[in-house]
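Take a look at the structure set out below.
The values are calculated or read from the model by the stated rules, or taken from the named source; none is laboratory data. Keep in mind that this is a model prediction, so the values were computed, not measured. Every residue, glycine as well, gets a Cβ built from its backbone with ideal geometry; the counts of neighbours run over all protein chains shown.
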Amino acid sequence: LKLTGLFNFRTDSVLIPTSYFSQRQCLDSEDDLQQLQSDGVPSEVTDWLASTFTQRIRQPPRGVDEKPKFRSIVHAVQAGIFVERMFKRAYTAAMPDQPAAVVNCLRDVDRWSFDVFALNSTSSDHALQALFFELITRYELNTRFKIPISCLTKFLSTLERGYCKHNNPYHNHIHAADVTQTLHCLLLRSGLVHWLTELEVLGSLFAAAIHDFEHTGTTNNFHIHTKSDLALIYNDRSVQESHHLSAAFRLLQDEQVNIFVHLTREEWM
Ligand SMILES: *[C@@H]1O[C@H](CO)[C@@H](O)[C@H](O)[C@H]1NC(C)=O
């Protein structure tokens with residue numbers, strides 16, 4: 001079964017990550033499972049999930065009432081659908097007016113051998129924009145979190161400009177695209193993506209994209225010993241790293257740029 005194959009569970013060794021279930025948004029009733037089934041999940045899959053999960057759940061890590069919960073099964077099926085959707089998705093999600101060569105490069109986005117420099121050239125030096133847009137839309141995070149496309153494009157172009165600010169030959173937007181693509185591969189190929197909520201995937205991709213924002217190309221030690229502005233602001237502590245985060249979150253202060261504008265307060269936190 002394709003879907004069960006995607007799960008990659010080893011029932012003999014895997015521990016059900018209870019935190020995964022408890023963190024996911026709860027569905028209210030068994031009706032939701034019914035709905036999912038009619039959405040095209042084969043009954044073998046739900047049966048398999050049911051037997052797998054109820055077995056494990058019978059050995060509760062905590063002493064609470066641990067009857068098989070349909071909710072848990074629903075969540076597992078949902079996770080499967082989420083991954084399945086990503087795999088199935090045709091490569092149609094490229095940014096508007098993206099040259100065919102860019103779309104072609106992005107076909108390899110699930111591979112370790114992905115060529116970020118080829119993406120840079122074909123996208124006329126906009127590797128980060130092209131890549132981040134592709135991943136956000138492939139994971140369907142833009143619809144899930146109602147990210148306005150105008151915010152996303154503005155955020156990405158502002159982000160890229162920041163990466164270019166110091167003409168950094170290494171820690172630039174191409175590096176950010178490279179790290180973001182590698183993170184995507186890690187999530188996907190390790191199966192880790194099955195254990196994360198959509199919010200966690202969004203958070204991870206965002207973190208990868210901003211992680212060296214406005215890097216000066218010098219070390220923290222250099223900042224400290226030259227008593228740079230950043231060293232003074234951050235009191236010599238994780239000078240660059242503090243700046244990457246602070247500056248990136250500052251971008252989101254602008255409503256036109258804030259891709260998280262429709263997140264709830266809790267999701268934002
Ligand atoms: C990225 O692409 C631009 C435009 O095609 C090119 O001028 C630049 O040399 C490329 N950078 C790298 C590191 O390949």
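Name the residue, out of Thr153, Thr180, Thr143, that is touching a helix residue (DSSP H, G or I) at 6+ places or on another chain (Cβ under 6 Å), of a type in the set (Ser, Thr, Tyr) and outside any loop (DSSP other than H, G, I, E, B). Reasoning before the result, please.
On the way: Thr153 fails: touching a helix residue (DSSP H, G or I) at 6+ places or on another chain (Cβ under 6 Å); Thr143 fails: touching a helix residue (DSSP H, G or I) at 6+ places or on another chain (Cβ under 6 Å).
Residue meeting the stated conditions: Thr180.
For region 175-197: of the residues being in contact with a Phe, Trp or Tyr (Cβ under 7 Å, 6 or more places away or on another chain) and at pLDDT 95 or above, which is farthest from Leu131 (Cα to Cα)?
Taking region 175-197 as the starting set, the residues that turn out to be in contact with a Phe, Trp or Tyr (Cβ under 7 Å, 6 or more places away or on another chain) are 176, 180-181, 185, 194-195.
Now narrow it down to the ones that are at pLDDT 95 or above: 176, 180-181, 185.
Working: Ala176: 10, Thr180: 8, Gln181: 7, Cys185: 13 Å.
Ranking the candidates gives Cys185 first.
Matching residues to (1) within 16 Å of the ligand (Cβ to nearest atom); (2) in a loop (DSSP other than H, G, I, E, B); (3) more than 23 Å from His262 (Cβ to Cβ):
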| residue | (1), (2), (3) |
| --- | --- |
| Leu188 | no, no, yes |
| Glu200 | no, no, no |
| Phe213 | no, yes, no |
| Asn235 | no, yes, yes |
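Just to be sure, is Ser204 surrounded by fewer than 19 Cβ atoms within 10 Å (Cβ to Cβ), without any contact (Cβ under 8 Å) to a residue 24 or more places away in the chain and under 14 Å from the mean Cα position of the chain (by Cα)? Against the criterion (surrounded by fewer than 19 Cβ atoms within 10 Å (Cβ to Cβ), without any contact (Cβ under 8 Å) to a residue 24 or more places away in the chain and under 14 Å from the mean Cα position of the chain (by Cα)), Ser204 qualifies.
Within region 130-145, track down each residue that is in contact (Cβ under 8 Å) with a residue 24 or more places away in the chain and under 18 Å from Phe260 (Cβ atoms).
Keep residues of region 130-145 that are in contact (Cβ under 8 Å) with a residue 24 or more places away in the chain, which gives 130-141, 144-145.
Matches in region 130-145: Phe132, Phe133, Leu135, Ile136, Thr137, Tyr139, Glu140, Leu141, Arg144, Phe145.
Give the residue that is farthest from Glu267 (Cα to Cα), with candidates limited to residues of region 108-151 that are away from the ligand (no atom under 16 Å from the Cβ) and polar (S, T, N, Q). Of everything passing the filter in region 108-151, Ser113 is farthest from Glu267 (Cα to Cα). The single condition among (1) at pLDDT 95 or above; (2) surrounded by fewer than 16 Cβ atoms within 10 Å (Cβ to Cβ); (3) away from the ligand (no atom under 16 Å from the Cβ) that Lys88 does not satisfy is (1).
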